[in-house]
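What follows is a single structure, written as structure tokens, with notes after it.
The values are calculated or read from the model by the stated rules, or taken from the named source; none is laboratory data. None of the values given here were measured: they were computed from a predicted structure. All Cβ positions, glycine included, derive from the backbone under ideal geometry; neighbour counts span all protein chains shown.
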Amino acid sequence: MFTSLAAVALTVCLQQREPAEQIYDRVSPSVLTLSVEKGHGSMAIGTAFLALRPGIAVTAWHVLKGARSVTAKFSDGHEARVSGVVDKNVDLDIALIQVESGDRKPLQLAVADPKVGAKAYVIGAPRGLECSISDGIISQTPLFNSGKLYQFTCPVSPGNSGGPLLNASGEVLGVVSWQLKDAQNLNFAVPVGTLSALKADKAASEFQAAALTDESTSPVVVVADDALLGSVVEEADMTYKLEDDGTGINALIIKNGSADVSLFQYSKDGKKGPTTNLSINVGYQTDRPVDLYRINAFNRSHRFVRSYRSSDGILYIEDDLNLNLGVGRGNIRRFVTTFMDTVDEFEADVLQHPRSGSRAEFLPSQPTGGQLCSSVTDNQIEALLSECGFKGKRDTDEDGATRYVFNIGPNEATLCLVGDNKPTDKSTSLTLSIGFSPHSKPSVERVNAFNDEARFFKAFLDEEGDPFLVADLDLHGGVTTESIKEFIRGFAKAVPVFVTFVLGG
């Protein structure tokens, strides 16, 4: 009898509400800020927390997706080594990582669902601000395709993903996963009960070392069909469904958080079946005006992708890949995963907004051969420029990176060679750009209209309002030398179109 009463008393005590400062002091030592280096060299911030057993941390899978390396920092500033992924469930957006945690204790997990209206807290790294706490309530426990979620009002931002949603006793209710943007505090966490689907005793697998390897021997692809694209998407740990766009052309619809990303083939002449061109995009419908200057700023600061507002008011982010002259299979995979990573940044930086629009196409005509390479040296680029009929003057930019300056007609263009943020004599991506300083500055509406019509290139205005035309080429997954030359030639062909369309002359 006394034992039973003691147990009841202990349970009541544990369920009493603690002051936020006490919860923070007790929980924050077991919360980590994750710095994630993605396969294409960009960085992402997320959160994790110790749970289940010593040396295991829980986070959201989308934080780790495409990771080449991960470092972790505890609230006291101690940096911990992350060995790799122990287990994951892509559909539930949860993952376990192995981390050197010392004598830090795993957090206690809640055993019951919270009541709607119950007090809640989140600890994480919003926008990189490590170990920040916010409070709110559980506003609902809705059912989605992946199962039950906890909807909560604690303010969160990019960087909170993977962190703990806590109850008033400091127990973990869920793993912070995603939010609806065009809304106020519509945030969602995956219940901790789903962690039972993961095995914490598995051996950790290292992060994608393949992102650092030379894929120049991977199969060369010059045409793509639904089967090939589907297998590439699955290799990247993503799921998809095939949908007909109404014209008999299939699109692979890939789920990325709350957004549906379309990956599809298209041909210059509108023919159906396997083609030599790929496009990937996601669109957002909005009933409010879109700030074109925010779109322009996004285009200015992000490589490989293009964003614009279509003529019917739909806000797009998209990218294109030309297979005509041969790319490596790994390059198609990177094309998809790089885009997915950038979509998250687009949603955070530009607002939200689904799709359409015809576009002018600058496409090469004849597929040929060429050696497949995943990096190039300065001498190789100089030779390729020469083969395209351009004399490049070698130079370095303010960061010490090699670039070549050459003329396209009367205009001076720049080809920059970009490495992987590590000492190397080889470059793994290329950027072509050309800028103008006209007396009459073009409008941001005109630049947006060009991006609505163009493929493979994008335009933007710099801080002074001067227009630029830019194109990027990723070599990591393998690109033929003929494709690199066509990249250069295609850009040269696009310059006079840009001058006429944007500058009006």
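So if I check each of Gly465, Gly392, Gly478, which one is surrounded by fewer than 20 Cβ atoms within 10 Å (Cβ to Cβ) and in the same structural domain as Tyr266 (by TED's automatic domain parsing)? Answer to the selection: Gly465.
Scanning the stretch 68-82 for residues that are in a strand (DSSP E or B) and either closer than 14 Å to Gly102 by Cα or not assigned by TED's automatic domain parsing to the domain that holds Glu100 (or both) yields Ala72, Lys73, Phe74, Glu79, Ala80, Arg81, Val82. The condition of being part of a helix (DSSP H, G or I), more than 28 Å from the chain's Cα centre (by Cα) and under 29 Å from Gly66 (Cα atoms) holds for Glu482. Leu228 meets all of the listed conditions (1) modelled with pLDDT of 80 or more; (2) outside the structural domain of Phe74 (by TED's automatic domain parsing); (3) assigned to a loop (DSSP other than H, G, I, E, B) but one, namely (3). Modelled with pLDDT under 80 and within 19 Å of Asp91 (Cα to Cα): is that true of Gly147 in this structure? Here the answer is yes, as Gly147 does meet what is asked. Being crowded, with 22+ Cβ neighbours inside 10 Å and more than 11 Å from Ala48 (Cβ to Cβ) is the filter; apply it to the stretch 68-93 and report the residue that is modelled with the lowest pLDDT. Among those residues, the one meeting the criterion is Asp93.
Residue by residue, here is whether (1) at pLDDT 85 or above; (2) surrounded by 19 or more Cβ atoms within 10 Å (Cβ to Cβ) holds:
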residue	(1), (2)
Leu242	yes, no
Gly246	no, no
Ile249	no, no
Gly270	no, no
Thr275	no, yes
Ser307	yes, yes
